[in-house]
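The values are calculated or read from the model by the stated rules, or taken from the named source; none is laboratory data. On a predicted model such as this, the values are computed, not experimentally measured, just so you know. All Cβ positions, even for glycine, are placed from backbone atoms using ideal geometry, and neighbour counts span all protein chains on display. Just so you know, the surface numbers come from the protein's heavy atoms only, side chains and all, with ligands and any DNA or RNA stripped out. Shrake-Rupley method; radii C 1.70, N 1.55, O 1.52, S 1.80 Å.
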Amino acid sequence: MSFFDANTWDGKIYSGRWQPANGGSIPIVEPATSGVLGRSGLADATDVAEAAVAAANAQRDWAGTSFEERAAVLRRAGTLVEQHAAELRDWVIRETGAVPGMADFAVGVAAQECYEAAALAHRPQGEILQTNQPRLSLLRRVPVGVVGVISPFNVPLILSIRSVAPAVALGNAVVLKPDPRTPVSGGFALARIFAEAGLPEGVLHVVPGGAEAGEALVAHPLIRVISFTGATSTGRKVAELAARHLKRVHLELGGNSALIVLADADIDKAVSAGAWGSFLHQGQICMTAGRHLVHSAVYDSYVSALAEHASHLPVGDPFTAPVALGPLIDSSQRDKVHTLVTDTVGAGARLAAGGTFDDLFYRPTVLAEVRPDMAAYAQEVFGPVAPVVPFTDLEEAASLARGSAYGLSLSILTGDAMRGLALAEQIPSGIVHINDQTVNDEAVAPFGGVLDSGTGARFGGAGNLDAFTEQRWVTLRGTIPAYPF
Ligand code: NAD
């Protein structure tokens with residue numbers, strides 16, 4: 001039997017055990033083949049409520065364990081991710097349509113997230129504060145209780161574990177709601193790993209489901225913090241609902257990141273970086289380069305080289321063929337991508353490459369002579385599409401880059417790194433890469449966006465400590481003081 005046995009996953013994970021979900025079950029479909037990989041439960045509000053209660057009960061004991069015990073569970077989880085990397089990688093490839101390199105990267109980051117979280121358990125629990133009184137005054141960090149994690153379909157392994165691992169390490173319990181299209185790499189596999197690593201029953205629950213389960217999680221009174229990753233439109237709903245329940249939310253939302261190519265950049269390398277930034281994982285990454293801004297002196301050569309590059313990239317089933325791009329997740333996502341491309345061409349853009357599809361396999365697409373008001377430039381496409389817009393000076397580049405509601409990642413490619421940094425200072429963005437493309441992730445680095453991309457950078461040790469603990473003021477005196485009355 002395999003470590004991640006799909007045949008047993010026809011439900012939810014409640015207190016470490018498999019149970020049927022109240023919303024029934026749905027097939028887990030492999031986007032590349034339309035084949036069925038297994039089944040997933042579909043949780044409803046009742047499933048979420050049961051999990052929240054069980055999690056709150058289990059959390060008290062878990063928070064009482066020593067930091068060494070919690071760190072050891074996280075270290076074992078990291079080791080188990082590495083030991084079962086091959087099987088986990090296959091699930092990522094088949095469930096999400098990722099190419100093997102992308103899946104390997106996701107598995108590597110997942111292990112690192114566990115190791116970083118193990119180190120988080122060792123951190124000091126607070127600070128000794130100044131005080132004018134004869135007493136000890138302490139800032140003490142305490143777990144928030146139960147954390148609700150909601151993750152999307154695109155890179156579910158990383159986007160679930162990057163919240164689950166630190167939350168658990170800091171003494172919280174977690175109710176995790178993965179997207180029901182990707183419940184294995186987004187949830188069940190994590191539950192299997194953490195159970196094997198020795199996490200006590202009840203500390204982690206997995207309730208795959210849709211909007212109903214998500215809203216139930218946000219509204220449930222026992223769930224004190226929500227870590228949400230997904231679309232900006234959904235994030236707004238989550239934030240509104242959370243506000244009604246006076247609940248803290250961390251939002252990692254959409255993007256439409258600019259990749260700026262200055263005239264002094266090495267154009268061959270810029271084209272390769274631009275192609276990677278736009279086409280990796282079929283453009284289904286929040287940090288995908290959604291807007292290429294290119295100096296007019298090199299615009300024509302950049303566009304033709306990028307189109308040439310795109311036209312040679314192989315697209316197909318990443319599980320069986322050595323391809324650069326796999327399938328989009330489903331037909332509704334493909335139709336959305338194609339509508340944005342055809343609308344943009346209809347508005348006068350030139351299709352320099354791609355723009356066609358076969359089933360869920362969308363050709364890498366380059367759009368030239370694009371204006372900022374055109375659909376594929378103005379909106380997050382979440383597909384393998386590179387709209388390219390020219391600029392004439394740095395001021396115009398900054399103004400174009402700023403002209404987006406999003407602020408997640410920014411790339412500037414130039415022969416003069418300091419000039420790139422000065423340009424970056426003028427553009428709001430949670431992440432900046434000078435001389436690299438927009439898609440990067442490391443467990444030790446803060447990650448997050450500003451503006452419509454979310455509530456700012458959170459990950460990395462210090463960010464997670466703030467996200468998954470409350471600060472308590474504690475004072476101690478040797479004797480009770482005498483009061484005037
Ligand atoms: P989505 O918002 O549709 O779904 C994300 C999750 O929210 C899923 O689990 C879904 O079931 C759940 N959900 C749906 N409606 C809900 C509701 N009303 N209340 C609570 N939960 C609800 O996102 P998607 O289209 O599946 O994912 C792609 C989006 O996610 C893109 O916009 C992408 O940029 C963004 N994303 C952001 C990051 C980041 O770190 N900033 C990372 C990956 C993806």
Exercise. What FRET efficiency comes out for the pair Gln130/Glu68, r = Cβ-Cβ distance, R0 = 35 Å, nearest 0.05?
Worked result: 0.70
Exercise. Using the eigenvalues of the Cα gyration tensor, what equivalent ellipsoid semi-axes result for segment 270-315 when each is taken as the square root of five times the eigenvalue, whole Å, largest first?
Worked result: 19, 14, 6
For this session: Provide the packing ranking of 73-81, 346-354, 152-160, 24-32, i.e. peptides ordered by the mean count of other C-beta atoms within 10 Å per residue, highest first.
Result: 152-160, 73-81, 24-32, 346-354
Exercise. What is segment 17-138 by shape, rounded, prolate or oblate, if you read a ≥ b ≥ c off the alpha carbon gyration tensor as root eigenvalues and call it rounded for a/c under 1.5, prolate for a/b larger than b/c, and oblate otherwise?
Worked result: oblate
Seminar exercise, completed: A correct Stokes-Einstein calculation for segment 293-404, using the alpha-carbon Kirkwood radius, 10 °C and 1.306 mPa s, returns a whole-number D in µm² s⁻¹ of 108
Problem set entry | Surface share of carbon and sulfur [accessible, 1.4 angstrom probe, percent] for the chain | 54
Problem set entry | Per residue accessible area of segment 169-318, 1.4 Å probe, in Å² | 31
Exercise. When all protein chains stay in place, what accessible area (Å², nearest 10, 1.4 Å probe) is found for Phe67?
Worked result: 90
For this session: Just list whichever of Lys12/Lys247; Lys177/Lys269; Lys237/Lys336 have alpha carbons separated by over 31 Å in the model shown.
Result: Lys177/Lys269
Exercise. According to the Cα gyration tensor, what semi-axes, each the square root of 5 times an eigenvalue, does the equivalent ellipsoid of segment 141-276 have, listed from largest to smallest in whole Å?
Worked result: 32, 19, 14
Exercise. Hey, what D do you get for segment 229-388 in µm²/s if you plug the Kirkwood alpha-carbon radius into Stokes-Einstein at 4 °C and 1.567 mPa s?
Worked result: 79
Seminar exercise, completed: The FRET efficiency for Arg350 and Leu476, from their Cβ-Cβ distance with R0 = 60 Å and rounded to 0.05, is 0.25
Exercise. For segment 423-464, what is one quarter of the convex hull surface built on the Cα atoms, given in nm²?
Worked result: 3.4
Problem set entry | Glu395-Asp358 pseudo-label distance in nm [points 7 Å out on the Cα-to-Cβ vector] | 5.0
Seminar exercise, completed: Plugging the Cβ-Cβ distance of Ala462 and Ala263 into 1/(1 + (r/R0)^6) at R0 = 35 Å yields, to the nearest 0.05, a FRET efficiency of 0.35
Problem set entry | Mean accessible surface per residue for segment 28-105, computed with a 1.4 Å probe while every protein chain stays in place, in Å² | 40
For this session: Over segment 52-174, calculate the relative contact order: mean separation of alpha carbon pairs under 8 Å at least 6 apart, over the residue count, as a percent.
Result: 36
Exercise. How high is the relative contact order of segment 325-413, given as a whole-number percent (alpha carbon pairs under 8 Å, six or more residues apart)?
Worked result: 24
Problem set entry | Rounded, prolate or oblate (a/c below 1.5 giving rounded, otherwise prolate when a/b exceeds b/c) for segment 398-485 by Cα gyration tensor | prolate
Problem set entry | Coordinate range along principal axes, alpha carbons of the chain, Å, largest first | 79, 58, 39
Exercise. Net charge near Glu470, counting Lys/Arg +1 and Asp/Glu -1 over other residues with Cβ under 11 Å of its Cβ?
Worked result: +4
Exercise. Among residues other than Leu410 whose Cβ falls under 11 Å from its Cβ, what is the net charge (Lys/Arg +1, Asp/Glu -1)?
Worked result: 0
Exercise. When the Debye formula is applied to the Cα atoms of segment 285-348, each taken as the same point scatterer, what base-10 log of I(q)/I(0) results at q = 0.12, 0.16, 0.19, 0.25 Å⁻¹?
Worked result: -0.45, -0.81, -1.09, -1.28
Problem set entry | Binned Cα-Cα distance frequencies in segment 337-485 - 5 Å width, integer % | 2, 8, 13, 15, 15, 13, 10, 6, 4, 3, 2, 2, 2, 2, 2, 1, 0
Problem set entry | Listed peptides 423-433, 171-181 by packing density, highest first (mean Cβ within 10 Å) | 171-181, 423-433
Exercise. What relative contact order, as a whole-number percentage, does the chain give when Cα pairs under 8 Å and 6 or more residues apart are counted?
Worked result: 17
